[in-house]
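What follows is calculated from the coordinates using simple rules that are stated; it is not laboratory data. The structure displayed is predicted, hence computed values, not measured ones. Methodologically, a virtual Cβ is constructed for each residue, glycine included, from the backbone with ideal geometry; neighbour enumeration extends over all protein chains shown.
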Amino acid sequence: MADPSSYRPKPGQIPDSPGVYRFRDEHRRVIYVGKAKSLRQRLANYFQDLANLHPRTRTMVTTAASVEWTVVSTEVEALQLEYSWIKEYDPRFNVKYRDDKSYPYLAVTMNEEYPRVQVMRGHKKKGVRYFGPYGHAWAIRDTVDLLLRVFPVRTCSAGVFKNAARTGRPCLLGYIGKCSAPCVDRVSAEEHRELAEEFCDFMAGRTGTYLRRLEKQMTEAAEEMEYERAARLRDDIGALKKAMEKNAVVLADATDADLIAVAEDELEAAVQIFHVRGGRVRGQRGWVTDKVEEITTAALVEHALQQLYGEERGDSVPKEVLVPALPDPVEPVQEWLTERRGSNVSLRIPQRGDKKALMETVQRNALQALALHKTKRASDLTTRSRALEEIAEALDLDSAPLRIECYDISHLQGDDVVASMVVFEDGLQRKSENRRFQIKSFEGQDDVRSMHEVITRRFRRYLAEKEKTGEWTDGEDILDNGLKDDDGRPKRFAYPPQLVVVDGGQPQVAAAKKALDELGIDDIAVCGLAKRLEEVWLPDEDDPVVLPRTSEGLYLLQRVRDEAHRFAITYQRTKRAKRFRSGPLDDVPGLGETRKQALIKHFGSVKKLRSATIDQICEVPGIGRKTAETIAVALAQAAPAAPAVNTATGEIIEDEEDGAPETAGAPGEPVTAGAPDERRGQER
C-alpha cells in the first residue's frame, strides 16, 4: 500500500486550468482517469487526510504510485480526452457500464450495392443504418416479415445472393413477393436502393407519408374496379399498421428523444435508456456498474452519455436527451453532444406532461433492473470473495490473489504444440488479457519443457517492461511474433499476477517454479491443478493440497484451469486446420492470397497449374515472369499428395487439388487419406 504523500506533486506544480489526469500504480498501469475544470483544485482533494476520503477513493490513492496530467483548452476537450483514455486504458477504478445483455439491432447495410436487412449485434459499422436496440431478435424478424410485404428488400446472405445470380433463380422470398429479387435483375440496383431508403424512412418514424400514399392508391384502384390490386394494397396497409402497433405511441409525432434513468445504491448503479423516434419507443437497453469510486447521480449520467454517444454521429444522437440529473457543469456536455450531432441537442430534466410520465416508467425499469441484478450478483459477490480467501488460506498466501494467471499446453501427438495464458481478476475472467504462445525452442511432445519455455518467455517480458518507465512500449513483441491485441497494439506482459496456476501436477509445477527462480522472481506463488483427482500441487511438496469438493476456492481454480484448456485447444485446432488446408502455393515466396486465388481461378486447379508453361502462367493478371518461374520451380519440387483410396472397393479417388477436400465412398466407408480428424481423440 502506497502513501499518497510519497507521490504528491509539489505546491504550485499543478496548473489551475482544465485538463485530464491519470493515476498509475507501481507497474505504471493506469488505474484511474478523471477530468477537471481546475486540475489544481481537483487533485488537491485526493491528497488530504486518508480518514476524510471515501473508502473507494482511499483504496484508489493508496493503490496508485504516481499521478500525471494533460492540460487542455476547454472543458469540451477535457471531456473528449477523458473518454478516449478510458476507452484506451480501461482503468479499474473508473465507472465502466456493462450491458446487461447483448442487444440485437435491425440493420440495413446501405454501404453495399444491394442493401440487405438483417439482425446485427456488436460494434456498429460505418455505412450501416441501425434501428433499435430490440429486446429479442425474434421481435426484429417479426417486424421485418411484416414490412417486406411493402418494402421487398433483400435479406439473404452474400453466398445465397451470388448463387441465385449464378443460377438465374431467386430464392423462395423472391417467388412469394417478399423480395424484389435484384439477384436476377427484376429490379435495378438503383430501384432496390430506393426501396431500402423507404424502408429506413419508415423505421425512422416517417410512417404517415407511406400510409396516406397507399390509402390513396387503394382508393384509386377500387374506383377503377381493379379489386385484386386494391385488396393487395389493403393488406399492405394492414401489415404496416400491425408493424406500427408493435411500438406504442408515447409522445407527440416527430418527437426524437432518448430518456435516461438511473437507479443506484452505495455499491452499484443501473441505467435504463428508452429510445423514442417519431413519438414511439423504438428501442430499450440497460447497463449496470459497480461504483468503484465516489460518484454522484449527475456524474453517473455524464458517464452514461459518454458511453452512449461516444462513438455516434449525426442522427444517432437525438435532438433531445432527457435525464434525471444534469452534469455539473452542463454546458460542456451539451456542447459535446451538439458537436456530435451536427445541430443543437437539448439536455434537460423533464418537469411535467407526457415526457415526465415516460421518465417515471423508465425509472421503474431501472429500479427493477437493479433489483434483478442484485438478486443474480448478491451471492456471486460473496462467493468470489470467499473463493479467493479459501485459495489464499489453502496455499498460505499473504493476501487474496486478486490476479490469477493460468497456463496450459496443447498438442496433437506432439504436432502443433501451443500454450495458452488466461487471466482472472477479482474472480472474474478478463478475456482481453488472454494470450497464446507457439512453442519454438524444440519440436515434439514434452509438456514439462513446454511449460518451462512459456513461463520463461512471459516473465522475461515482465522483467523487461518492469525496467522501463513512462508509457508502455509500442515496439514489436519479440516473444509472440506477429500476435497482436484486439486493438492492434503489441501484447503487454507488464502486470504481474499474485498466483500462477498450471494445468498439471508436480512436474509442471516444478518447471514453472524453476523458470521463475532462473529469472530471480520470488514474489509470485505457483500451484498446479491435476485433472485426475483435482489435487492442488505446490512446489517442493511431496503431498498435494486437497480442497473439499464443495470448496468455492476449488471451483474457481477449476474454472480457471478449464478456460485455459479451452483456449489452448481452440488455438491448437486452428493451427492444425490451417496446416491441413495449406498447399504447394503457400511455400512460394512473395505470393499472397489474392494472386493465389487468381491462379486457381485461371487454371481451375493446382494440378492444371503444375502442368502449365511459364508463358501460360504469365498470362494471369499480376504475375510477372520472375514470379512465374518461381511458381513453376516450387510446384515442380513439391511432390503431389498421395491419392485417397476407398478401402472398401480399392478404388483410387482422383484429387483435383483445388484446395477443398473431396468426399468419396458411400456413407460409413473408410478413406485412407484426407481424414485428419480421425486422431482427434488423441489430442491434448
* Structure fact -> On each of the three principal axes the extent of the alpha-carbon atoms of the range 511-616, given in whole Å and largest first, is 71, 35, 20
* Environment charge at Glu393 (Cβ cut-off 14 Å; Lys +1, Arg +1, Asp -1, Glu -1) -> -4
* **Gained length - Lys607 relative to Gln48, 0.36 nm times residue gap less alpha-carbon distance** => 193.5 nm
* Structure fact -> Any residue on another chain or 5+ positions along whose placed amide H is under 5 Å from the amide H of Arg282 is listed here as His275, Val276, Arg277
* Among residues other than Val117 whose Cβ falls under 14 Å from its Cβ, what is the net charge (Lys/Arg +1, Asp/Glu -1)? -> +1
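If you add up the charges near Ser6, with Lys and Arg at +1 and Asp and Glu at -1, over every other residue whose beta carbon is less than 14 angstrom from its beta carbon, what do you get? Working shown, then result.
On the way: positive: Arg8, Lys10, Arg24; negative: Asp3, Asp25, Glu26.
Neighbourhood net charge equals 0.
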* Listed peptides 54-66, 503-515, 27-39 by packing density, highest first (mean Cβ within 10 Å) -> 503-515, 27-39, 54-66
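Which entries of Lys37/Lys124; Lys578/Lys607; Lys87/Lys578; Lys575/Lys601; Lys124/Lys216 show an alpha-carbon separation above 29 angstrom in the structure shown?
Numbers: Lys37/Lys124 32 Å; Lys578/Lys607 21 Å; Lys87/Lys578 33 Å; Lys575/Lys601 26 Å; Lys124/Lys216 38 Å.
Cα-Cα > 29 Å for Lys37/Lys124; Lys87/Lys578; Lys124/Lys216; rest within.
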* Asked: Sorted by packing (mean other beta-carbon atoms within 10 Å per residue), highest first, where do 517-525, 5-13 land?
  -> 517-525, 5-13
* Asked: What is the set of long-range amide H partners of Ala65 at a cut-off below 5 Å, with H atoms built 1.01 Å from backbone N?
  -> Arg24, Asp25, Glu26
* Asked: So if R0 is 30 Å, what FRET efficiency would Thr62 and Gln41 give, r being the distance between their Cβ atoms, rounded to the nearest 0.05?
  -> 0.90
* Asked: Peptides 419-428, 550-559: what's the order by average Cβ count within 10 Å, highest mean first?
  -> 419-428, 550-559
* Linear extension gain, Ala204 paired with Leu397, 0.36 nm per residue minus alpha-carbon span -> 63.7 nm
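Just the ratio, please: alpha-carbon radius of gyration of the range 279-414 over 2.2 N^0.38 Å, N its number of residues.
Rg over 2.2 N^0.38 Å, computed on Cα atoms: 1.54.
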* Cα gyration tensor of the range 120-183, axes a ≥ b ≥ c as square roots of the eigenvalues: rounded (a/c below 1.5), prolate (a/b > b/c) or oblate? -> oblate
* **Built amide H within the under 5 Å cut-off of Thr155, gap 5+** => Val117
* Label-point separation (nm) for Lys125 and Glu224, each offset 7 Å from Cα along Cα-to-Cβ? -> 4.1 nm
* Asked: For Arg169 and Leu533 in the same chain, what is the full-extension length gain: residue separation times 0.36 nm, less their Cα-Cα distance, in nm?
  -> 125.1 nm
* Asked: Using the eigenvalues of the Cα gyration tensor, what equivalent ellipsoid semi-axes result for the range 257-345 when each is taken as the square root of five times the eigenvalue, whole Å, largest first?
  -> 22, 16, 10
* Asked: What would the Debye formula give as log10 I(q)/I(0) at q = 0.15, 0.24, 0.32 Å⁻¹ for the alpha-carbon point model of the range 324-364, no solvent?
  -> -0.46, -0.84, -0.97
* To do: Quick one, can you get me the convex hull of the C-alpha atoms of the range 18-97 expressed as volume per residue in Å³?
  => 88 Å³
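Report the calculated FRET efficiency for Leu428 and Ala239 (r = Cβ-Cβ distance, R0 = 41 Å), to the nearest 0.05. Could you put the intermediate results ahead of the total?
Values: r = 46 Å, r/R0 = 1.12.
Once the sixth-power term is evaluated, E becomes 0.35.
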* Label Leu214 and Lys87 with points 7 Å out from Cα along Cα→Cβ: what is the distance between them in nm? -> 3.9 nm
